[in-house]
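Structure first, then comments.
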Amino acid sequence: MTDPYIDGPGPEPERTEGTRTEGTTALPGAPKGYDRLPTGPMDVTPTTSGPDADGRAPMQWAHDEPVPVDDARLAPWALVAAIVALATSMFVGWGLPVAVIAVIAAIMSLRRPIENRGVATWALVLGICATLFSTGWLLWAATQFESMG
């Protein structure tokens, strides 16, 4: 009986599973017979998209279709509408419809996870201020019409 610690390693066994094809080079630093790393890419054969052997069409997966990306932002538009409504409501009360639209758009944008919450919050605050100012102007104008008539 031989002891590998005393006598040293024995002869290397014959390797048969990793034979190289003609015209390829050996992998540097690898034992003889291997031509790619064990974690190297595998050869992939393309599949056809025609019907199966049974005559059925291949199954379509959900990830094969492109997913529509929702990149439309509502908060900046709500902020612009709120600023326009606030500027209008400083002089006349006819900015009320734009202010209401700004408030609704700001609330909608606060409920969407992709929106900028800071912009949506500013749009909501300015829209509420514009609504209050426009309502005040319209109430004052209504009292002036009663005194005229």
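Using a simple spin-label model with pseudo-atoms 7 Å out from Cα toward Cβ, Ser147 and Val69 lie 5.9 nm apart. Note on segment 75-148: Kirkwood radius taken over Cα pairs, Stokes-Einstein applied at 4 °C and 1.567 mPa s, translational D equal to 106 µm² s⁻¹.
Coordinate-derived values only; no laboratory data. This is a predicted model, so every value here is computed, not measured. Cβ atoms come from the backbone with ideal geometry, glycine included; neighbour counts cover every protein chain shown.
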